[in-house]
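Any read-out appearing in this document is the output of simple, stated calculations on the displayed coordinates, not a laboratory observation. Since this is a predicted model, take the numbers as computed values, not measurements. For neighbour counting, all protein chains shown are included, and Cβ atoms are generated from backbone atoms with ideal geometry for every residue, glycine included.
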Amino acid sequence: MTALMLHLALLLAMPPLLLGIITRTKAWFAGRKGPPLWQPYLDLWKLLHKGAVYSRTTTWIFRAGPIVTLAAVLTAGLLTPLGAAAAPFGFSGDVILFAYLLALGRFFTMAAALDTGSSFEGMGASREAAFSALAEPALFLALAIVCIPAGSVSFAEAWASPWQTWGPAHPALPAAAVTLFAVLLAENSRIPVDDPTTHLELTMIHEVMVLDHGGPDFAFVLYGSAIKLFLFASLLVHMVFPIPPAGGALGATVFVAGAAAVAVLVGIVESVTARIRLLRVPQLLVGASVIAALGLAVILYRGIP
Amino acid sequence: MTGYADLLLLAVLVLDLYVVYTSRLAGCVRASALQGAALALLPVVHYLESPSADLVHVLVMAASALALKAIVIPHLLMRALRDANVRRDVEPFVSLHLSVLLAGVLIGLSFWLATVLALPASGHTHLFVPTAFATFLIGFLVLVSRRKAITQVIGYLLIENGAYVFGQSLAAQMPFVVELGLLLDLLVGVIVMGIVILQINREFDHMDVDQLNLLKG
Amino acid sequence: MFQPAMLLIVVLALPAAGAVLCLLLRSTRAVLALLTTGVLAAGLAAAGLAAAVFGSGPLRAIGGWLFVDALSAYHLVLLALVFSLSTVFAGGYFRHGTHALELRTARRFGALWFGSLAAMTLVLVSNHLGLMWVGIESTTLVTTFLIGLHRSRESLEATWKYLVICSVGIAIAFMGMLLVGASATRALPVPSDAMLWTRLREVAPRLDSAPLKIGFLFLLVGYGTKVGLAPMHTWLPDAHSQAPAPVSAIFSGVMLNTALYCIIRYIPVVEAATGGTGWSLRLLALFGVVSMVVAAAFILFQRDAKRMLAYCSVEHLGIIAVGLGLGGLGTFAALFHAANHSLAKTTGFFCAGRLGQIYGTHEMRSLRGTLRAAPLWGVGLLLGLLALIGVVPSGTFASELLTVKAAVDKRSVVVLVGFLVAAGAVFIGMFGHAMAMAWGKPPREGMAEETSFLERAVVMLPLALLAILGLWMPQPLRDILQQAAAVVRPEP
């Protein structure tokens, strides 16, 4: 029971904090002081109290988009290990369900964007479709690197103790971590793939899809994307940090610290790199897939114990 | 501890792919410098795993490889790049995406070759042979599919790196002298190539080996 | 107490010292003089060493790292002979016109010349496979600058091709060498032994055949690049045609043979390890036949005299490879052919080079009436080309005949047919050119220049030797060849 409470608390409360950490890190790099760490919470509060305007050209898809996305992401969050190996729901194959829940959310975001009937949003939807198509193999290869040595497609078993599977998978885990980080940047629209603060047509991907949402819808969108970032970060943390499988207080502490570290890393990467040309994004994603493929080849070549 | 050599070798493979992928000459040179640094650490890691060879031998090997492959040779190549007033692009015959794909195929081929060869493995790590063959073959790919003379030198560097990795896997047999001979040969070879490249650039005013076709038949 | 084994060190140290000395001299004449004396002295040392080995068996030095048996001694004698002839010729060649050497170039030439002699000697006397590899790589690096001695666009292009192709080939050979060493991990518990040829030869039947075979393939391709076996021969015509004549002479005369020697060293080891099935021999013969056919195809359309001679080298090294690949009598014939080819090719390059200087071009269309215009060189070229085609009475005819006989004995139809077709095509191609160059009208009158006694000796001596060898094989030579061939046979 306490595990379930802890899991829900982390899932619901922590994601906006990550956004705050990222913004704060970027501000520090830029020499500014930056907004307080809990600013995203205040933003969400503010947005929830606003009214919404719906265009006459839109249909129920436009209204459903943010809601379904948030629901999908929250459901995925119930599958992901946060601070302990076992999530509230776990079964064989939940790794794959996780990936496709995120895809479902993405699909509805794109559908809502197309539903507006504006070519601006449509452009964002097409870009998003192209890039996520390339990010998916990278994601699966990275997940495979952890799942194959563990011999199971379930978070509970595969992510139980990556440090024990470090034996045979040792050189491959950094490869998986690098690939997963690249997918994190791509899926969550971070520099160098996409600039979350820009509003220039040339450079928008995710931002442009949600341009027309306002008020509570935008709050859902913002919250959903924060949770998505949090989920990717949690996978990364579990791969890299020594979290005891049983969880408990120690597990939660290490996990929170790790997630914050990932957020800081994202902030650093956003500050020191420039956004790459749109033509280069496929190369980045393919490169990430190749690195993961190499790691997988290493595992297969050395044999699975 | 056992995995660190494999980690270095994986880095070598990734750098191979980067050399094939990048379209900037300076990027190629820097990647080969990083690869040299990774290779220089290999004997150290090997020693940490199985302290059989003597420490002095290992340290001298590592230091000379580091100095040569990661510092001196890239410096020479960058100097040659700057002195020869050419465009800093790679100019491949085969498109870069296709080259990366070919490189991937070659890596797969070397893994297969390694299983066919079934050499007695040295120590605990098994990635030496595939990495050696992969780097060797990718060096060939770079040599053959690029137009600039400097990329041919980089291809030659990769080939020699592959041979070096293979020599590391047979560390017991390889006497000190031969390994140093290999490094020295690499240094002198690159110096000679650099000199000839500069001569070519002065005579022909370009570095495009595709246009070196006065002698035919 | 004078030990013959000390000659092993002398024969290496002399050229090395000469190389350093050359850089300190003050006049071109001094450099050329030092070259002549140094090379002749090293040649005498080599001859003495060879005599000791033929008489009383193999010699070792430096704890077994240096080793000379009949095969090495035979090649050392060839090396000494060709280098001496070429050095004497170079003395005359570099005095004329555009090829006259100024001091800096002369010093560079001298140092590189001695350096290449030292490197090739190192290859021939080393027992340690790694040292042999270092020697071959050094020959590449040292001779690179010899090709581009007189800088021009064409010579730079030839230099670059030579450098890259041969360096890559040698890197491939390194991998092969490592694989051979890896195949010995089980048979030779003391790891440092695995690179010594004598030890490998002893334990050959116990080597791992999978890595050994793949290693031999790498070695064949890698060292074969340096030999000029097709399809790795693409550097050869450019390098030989652009280099100055003495340099082309040592390339064709000894450097190719030295690279082939490296391959020959591995044959008995591989054969003993694979149970004497002839796997490596068949591969070598295959490359030989392909080289002959490719060379024949290109010779038919040649316009440049030195390029034609270069392709001719590819063909003849192919003949030697075929002979080695046939085994038995073929090995004897191949080794005999090495000597004949070296003699004929050096004469050919000397004469073609001098004629090029006199006429101002190497195009065969312009080299007409050489018998009248420059009698010594014209006769030399004609007779040299005839010897290379294999016209009686020359040693090349004898050795080629022996090779054909070996092919017939072994019933290798493919090899026989390929050999005859290629040799026939080369005959047709080169004969026509030889005749056209010898007779016809020279472009202008009064082209003949005074030839010194040395120049006459340098041309006539090899030709005379070839004629003698074509008619009569002296018993000592037969013994020497049989001793050398015995080294290559797989039976212990």
Any of C:Lys345/C:Lys405; C:Lys306/C:Lys345; C:Lys226/C:Lys345; C:Lys306/C:Lys405; C:Lys161/C:Lys226 with alpha carbons more than 22 Å apart? Name them for me.
C:Lys345/C:Lys405; C:Lys306/C:Lys405
Using only Cα atoms and rounding to the nearest 10 degrees, what angle (0 to 90) does helix B:176-204 make with the longest principal axis of chain B?
10 degrees
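Could you grab the Rg to Rh ratio for the range A:2-302? Cα atoms only, Kirkwood for Rh. Don't skip to the answer; put the middle values down first.
Details: Rg = 18.7 Å, Rh = 19.6 Å.
We get a ratio of 0.96 for the range A:2-302.
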Membrane-span-like helices in chain A: DSSP H runs reaching 27 Å or more (Cα, own axis), mean Kyte hydropathy at least -0.5?
A:60-79, A:94-115, A:119-150, A:216-240, A:248-272, A:281-302
Amide H to amide H under 5 Å from C:Ser126: which residues, 5+ apart in sequence or cross-chain, H placed 1.01 Å off N in plane?
C:Phe67
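Not counting the cut sites, what is the longest span of chain C without GluC sites (Glu not before Pro) that DSSP labels loop and that have at most 16 other Cβ atoms within 10 Å? Write down the numbers at each step before the final one.
On the way: sites that count: C:Glu102, C:Glu445, C:Glu449, C:Glu450.
No qualifying site falls inside C:103-444, the longest such stretch.
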Measure off 7 Å from each Cα along the Cα-to-Cβ vector at C:Arg104 and C:Asp479, then give the distance between these two points in nanometres to one decimal.
5.4 nm
Among B:Leu17, B:Leu98, B:Leu106, which one moves the most in a GNM of chain B with springs linking Cα atoms closer than 10 Å?
B:Leu98
Within a Cβ distance under 11 Å of C:Ala171, other residues only, what is the Lys/Arg minus Asp/Glu net charge?
-3
So between A:Ile276 and A:Thr253, what do we pick up on full extension, going 0.36 nm a residue minus the alpha carbon distance?
4.7 nm
Across the alpha-carbon set of the range C:296-432, Rg over Rh with Rh taken as the Kirkwood radius works out to 1.01
Longest exposed-loop-site-free stretch of chain C, with chymotrypsin sites (Phe, Trp or Tyr not before Pro), DSSP loop and at most 15 other Cβ within 10 Å?
C:3-300
Evaluate 2.2 N^0.38 Å with N set to the residue count of the range C:128-277, then give the Cα radius of gyration divided by it.
1.14
Note: probe point = Cα of C:Arg201 + 7 Å toward Cβ; backbone nitrogen < 12 Å; residues of the range C:115-143 passing the test are C:126-128
More than 29 angstrom apart: percent of Cα pairs within chain B:
26 percent
Nearest-0.05 FRET efficiency for C:Arg29 and B:Thr22, computed from C-beta distance (R0 45 Å)
0.25
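Which is the longest part of chain A that has none of the trypsin sites (Lys or Arg not before Pro) sitting in a DSSP loop with at most 14 other Cβ atoms within 10 Å? Mind dumping the intermediate values first?
On the way: sites that count: A:Arg32, A:Lys33, A:Lys50, A:Arg56, A:Arg277.
Counting at most 14 other Cβ atoms within 10 Å as exposed, the longest clean stretch of chain A is A:57-276.
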Candidates B:Val192, B:Val72, B:Val100, ranked by Gaussian network fluctuation over chain B, Cα under 10 Å, top entry:
B:Val192
Go through the range C:380-388 residue by residue and turn each phi into a ³J(HN,Hα) via Karplus (6.51, -1.76, 1.60, θ = phi - 60°); whole Hz please, and just put x for glycine and proline.
x, 5, 4, 5, x, 5, 4, 4, 5
Relative pair counts by distance (%), Cα atoms of the protein assembly as shown, 20 Å bins
12, 36, 27, 16, 8, 1
Going out from 0 in 20 Å bins, what whole percent of all Cα-Cα distances in chain C drops into each bin?
25, 60, 15, 0
Starting from the 7 Å offset along Cα-to-Cβ, what nm value, one decimal, do you get for the label separation of B:Val188 and C:Ser152?
2.9 nm
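Give me the net charge for the shell around B:Ala11: Cβ to Cβ below 15 angstrom, other residues only, Lys and Arg +1, Asp and Glu -1.
On the way: positive: B:Arg30, B:Lys69; negative: B:Asp6, B:Asp16.
Within the 15 Å Cβ shell, the charges total 0.
Report the FRET efficiency, 1/(1 + (r/R0)^6), for A:Ala261 and B:Leu48, where r is their Cβ-Cβ distance and R0 is 35 Å, rounded to 0.05. It would help to have the intermediate numbers written out before the result.
On the way: r = 28 Å, r/R0 = 0.80.
Taking R0 as 35 Å, the efficiency between A:Ala261 and B:Leu48 is 0.80.
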Sparsely packed trypsin sites (Lys or Arg not before Pro) within the range C:181-228, loop by DSSP, other Cβ within 10 Å at most 16:
C:Arg186
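Under a Cβ-only charge scheme (Lys and Arg +1, Asp and Glu -1), can you give me the dipole magnitude of the protein assembly as shown about the Cα centre, in debye to the nearest 20? Can you show the working numbers first?
Details: 62 positive and 50 negative charges, 381 e Å.
Around 1820 debye, computed over the protein assembly as shown.
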Taking B:Met193, C:Met435 and counting other beta carbon atoms within 10 angstrom, the fewest-first order is C:Met435, B:Met193
Net charge near C:Val180, counting Lys/Arg +1 and Asp/Glu -1 over other residues with Cβ under 11 Å of its Cβ?
+1
